[in-house]
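The values are calculated or read from the model by the stated rules, or taken from the named source; none is laboratory data. It should be emphasised that the depicted structure is a prediction, and the values quoted were computed from it without experimental measurement. Cβ atoms come from the backbone with ideal geometry, glycine included; neighbour counts cover every protein chain shown. These accessible areas exclude ligands, DNA and RNA; they are computed on the full protein's heavy atoms, side chains included. Shrake-Rupley method; radii C 1.70, N 1.55, O 1.52, S 1.80 Å.
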Amino acid sequence: MAARTKTTAKPRPSYRCTECGAQLLKWVGRCSECNAWGTVEEYGAVPIRTTAAGPVSAPAKPIGQVDGQVATARSTGVPELDRVLGGGLVPGAVVLLAGEPGVGKSTLLLDVAAKAASDRHRTLYVTGEESAGQVRLRADRINALSDHLYLAAEQDLGAVLGHIDAVNPSLLILDSVQTIASAELDGAPGGPAQVREVAGALIRASKERGMATLLVGHVTKDGQIAGPRLLEHLVDVVLSFEGDRHARLRLIRGVKNRYGATDEVGCFELHDEGIVGLADPSGLFLTRRDKPVPGTCLTVTLEGKRPLVAEVQALMVDSQIPSPRRTTSGLESPRIAMILAVVERHGGVKLGKQDIYTATVGGVKLTEPSADLAIALAVASSSTDTPLPSNLVAIGEVGLAGEVRRVTGVQRRLAEAHRLGFTHALVPPDPGKVPRGMQVVEVSDIGEALRAIPGRRPRSKPRQEAVTPAQQGAQALAQARAQAPVAAHPEELMAGWEPVDSDELG
């Protein structure tokens, strides 16, 4: 029996939001789609449709008989982006790349467009925010020119679809989805209804043609992707482009990926000549010094599956105001407040009348708990003005009771530190297999970590012929304090010790 669609309409009013175009069955004060107030108006009757079964586009077949070669990923020419995508762009896949203004989204995708273009695979770059001449100037600056890269400046969805028919590209890059509008819908570009319509049309074109599509998305002031949440559900891959605009480092994180894992991170460096991938970015997060300085400690963080050696710094000065300052950069303020409380309570370091500044090097943001131990050691080092060894890394989470907890991937972190030449490490108990030639000290609490810092030796004392009873009592008191589980003052933890060079370790 042929498919039939029966349409009937009842003479009852319907309502529509003038802001986003959403259709409602009754009047409400606030639209449930865009949350705008006073935009719902009556406009007519709602047709009620009942759809019968219709013809299918292709018969269903067992999954083992489906050809998987058509979904083989193709490299973008940028290895760091391929790492996050899971090997490259799959034909017909739609990728949404979102990030703050000025982070480098357009620069990266223009470089991808030029490297992915070839005589067999054309690339179409559609810009809705800039003119074609402005994009050409950027292409000259970053050397992103190719005879198979086509450029168009459009803001109408129909015109974009026309360019796709004319060029027949293998890769489409749209910058950005919030600047394109459909003439069939009311509302300004970037509205929920317009974004939904533009994304839906481009997704259908991508699936029908086997064309990979990269969409640039805007973000709100909270860092969320602008537009309806449905946009993230429709696309195949969602990538977040992060980075401090005043720093060189840029990170791409996978938020959603139907073709690969979401625990990979791509690292890039932005400079005047464009943006380049960093296969080994650990050097960006370290400060090169001839001698160690107080208040610094190194740790190994995991960005996805990638271990990165990072440096944390702490500075303590006498406060001139009743409420001492607590300033952070690259670290979470609540986490720093908790670590300072633990260091003062269980480590015996007095911090009440000190202004404390903590920061990371190179613009990296450390959010995982594995950096807690390094932050605590940096604070203690700054408090006693005693530098830590330059070849020491500290890994571990610090609890409120002062204990040092295990973290994931300790062996991977130690292997990365050993590869970069670090020879000593402070880690939680039971770290697993340790790299050969690396001295690892297991610590169970913060007090033990402060006492077990390698690279320090007692100051040499003059040899005495005889020991008086008073000196014997002082030595006994010092020995009792050294065996105490927690010291009462920072001087008892680190007094009488002096730093040595890295050559004297081991």
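Things worth noting here:
- Three-way shape label, segment 226-272, alpha-carbon gyration tensor, a/c 1.5: oblate
- For the peptides 268-275, 337-344, the ranking by packing is 337-344, 268-275, with the highest mean count of neighbouring Cβ atoms within 10 Å listed first.
- Cα-centre dipole for the chain with unit charges at Cβ (Lys and Arg positive, Asp and Glu negative), debye to 20: 1120 debye
- Gyration tensor verdict on the chain (Cα atoms; rounded if a/c is under 1.5, prolate if a/b is larger than b/c, oblate otherwise): prolate
- Above-threshold pairs, the threshold being 27 Å between Cα atoms, out of Lys105/Lys291; Lys350/Lys433; Lys115/Lys256: Lys105/Lys291; Lys350/Lys433
- Pairwise centroid distance, computed over Cα atoms, of segment 218-270 with segment 410-426, Å: 29 Å
- Counting only heavy atoms of the protein chains and using a 1.4 Å probe, Lys305 has close to 100 Å² of accessible surface.
- Within the accessible area of the chain, the carbon and sulfur atoms contribute 50%, probe 1.4 Å, all protein chains present.
- Remark: segment 208-219, residue by residue, has Karplus-estimated 3J(HN,Hα) of 5, 9, x, 9, 6, 10, 10, 9, 8, x, 7, 10 Hz, where x stands for each Gly or Pro and the curve is 6.51 cos²θ - 1.76 cosθ + 1.60 at θ = phi - 60°.
- Taking a point 7 Å from the Cα of Glu442 along the Cα-to-Cβ direction, the residues of segment 394-412 with backbone N closer than 17 Å to it are 395-397, 403-412.
- Three-way shape label, segment 189-255, alpha-carbon gyration tensor, a/c 1.5: oblate
- Å² per residue, accessible surface of the chain at 1.4 Å: 52 Å²
- Isolated Cys residues of the chain, judged by Cβ distance under 4.7 Å to other cysteines: Cys267, Cys297
- With the convex hull drawn around the C-alpha atoms of segment 222-371, the volume per residue stands at 179 Å³.
- Crossing angle, helix 132-142 versus the chain [Cα axis fit, 0-90 degrees, rounded to tens]: 30 degrees
- Over segment 304-433, Cα pairs under 8 Å with separation of 6+ residues give a relative contact order of 28 percent.
- Computed over segment 131-241, Cα set: Rg, Dmax in Å: 14.4, 40
- Positive-end residue, the chain charge dipole about Cα centroid, Cβ charges, pick of His121, Phe268, Ile142: His121
- Sites Asp140 and Asp244, calculated FRET efficiency, Cβ-Cβ separation with R0 22 Å, nearest 0.05: 0.25
- Dividing the summed -39500 (n - 2.57) terms of all DSSP H runs of n ≥ 4 by the residue count of the chain sets its mean residue ellipticity at 222 nm at -7500 deg cm²/dmol.
- Farthest toward positive dipole pole in the chain [+1 Lys/Arg, -1 Asp/Glu at C-beta], among Val66, Ala401, Thr51: Thr51
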